[in-house]
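Data first, discussion second: the structure below is written as structure tokens.
Derivation of every value follows stated rules applied to the coordinates shown; laboratory data play no part. Note that the structure is predicted; figures quoted are calculated from it, not measured. Heads up, the Cβs are rebuilt from the backbone with ideal geometry, glycines too, and the neighbour counts pull from every protein chain shown.
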Amino acid sequence: MRVWQIGAGLARVGGSGVVRGAHDTRGGAALCAVLGEPLGWDAAGGVAVDEGAWQTARRAAGVIAVWAGGVSPGGSGLPAWGPAGAVRLEAVLAWAAARSQRDGVRVWLRTHAGHVLSDAVGARRVGAWAAQRAPGVGVGAEVGAEVGVGVMWDLPAMLTPGMLARAQDHLTRMVQDAADSRGVGAVLLAGARADADGRAAWPVPLTSMPGVFDAQGVIGLARRALADVPVLVLPQDAALAQ
């Protein structure tokens with residue numbers, strides 16, 4: 001397991017920045033650049049991205065991670081996992097593949113329970129799709145030299161407030177699902193708790209909730225299962241993950 005340390009803002013919608021290796025105190029090459037806002041919609045109903053942020057990310061790293069975004073502009077009440085979500089995800093995949101080729105970067109689509117790439121089923125399907133189109137592409141430092149599409153499994157973002165009562169079980173299952181998937185760029189591993197109004201789950205260090213998460217157990221599983229995959233952790237969990 002290759003451990004990379006992240007800032008808390010990178011694990012939530014609206015956060016942005018560059019992920020650098022926790023093991024590299026000299027501030028070496030970035031693993032990826034992370035766009036803060038999800039993909040949006042252009043005037044024709046296609047996929048749009050903040051071009052300024054995209055160009056900044058291109059200069060920072062050879063891999064760009066971006067949220068796939070929701071099922072429609074402004075939200076329509078349609079479930080992201082339904083037919084409309086499937087159509088939108090297909091459009092996002094086509095956009096990501098074209099952008100990767102055009103700009104010479106690898107694009108990681110990042111999972112989120114409220115977006116069209118929302119769960120393990122979708123992540124595994126997208127990962128298989130990506131792997132079929134880029135056979136032999138490696139992970140970690142090697143990925144930055146390739147083009148194509150991959151998946152950043154953001155485990156806390158895949159949890160909903162209703163899942164938090166069994167969050168330990170869900171995290172364990174998702175680590176195993178990611179280990180069995182193709183096309184995995186990285187796995188973001190952290191705990192989660194509900195926000196003040198109980199409408200969303202936000203990332204927290206695994207070690208900050210000892211009565212809820214067995215941090216050592218979850219990280220130990222990730223170490224065994226994700227041997228060749230970059231694993232992103234919050235600073236408070238970095239020492240345990242090394």
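Annotations for the structure displayed:
- In region 139-242, the DSSP beta bridges split such that about 40 percent are antiparallel, to the nearest 5.
- Applying the Karplus relation 6.51 cos²θ - 1.76 cosθ + 1.60 with θ = phi - 60° to region 192-201 yields 3J(HN,Hα) values of 8, 9, 6, 6, 4, 9, x, 9, 8, 9 Hz, where x marks Gly and Pro.
- Each Lys or Arg adds one and each Asp or Glu takes one away; over the other residues whose Cβ falls under 12 Å from the Cβ of residue 40, this sums to -3.
- Across the options 231, 104, 202, the greatest Cα extent toward the positive end of the charge dipole of region 104-242 (unit charges at beta carbon of Lys, Arg, Asp, Glu) belongs to 104.
- Each other residue within a Cβ distance under 12 Å of residue 127 adds +1 if Lys or Arg and -1 if Asp or Glu, for a net charge of +2.
- Checking every one of the trypsin sites (Lys or Arg not before Pro) in region 147-242 against DSSP loop status and a limit of 12 other Cβ atoms within 10 Å picks out 199.
- Region 167-242: Cα Rg divided by the 2.2 N^0.38 Å rule of thumb: 1.08
- Measuring spread by the Cα atoms of region 98-242 yields a radius of gyration and Dmax of 15.3, 48 Å.
- Residue-by-residue Karplus 3J(HN,Hα) for region 102-113, coefficients 6.51, -1.76, 1.60, Hz, glycine and proline x: 5, 9, x, 10, 9, 10, 9, 7, 9, 6, 7, 4
- Counted residue by residue at 0.36 nm each, then reduced by the alpha carbon distance between them, the extension gain from residue 72 to residue 228 reaches 52.6 nm.
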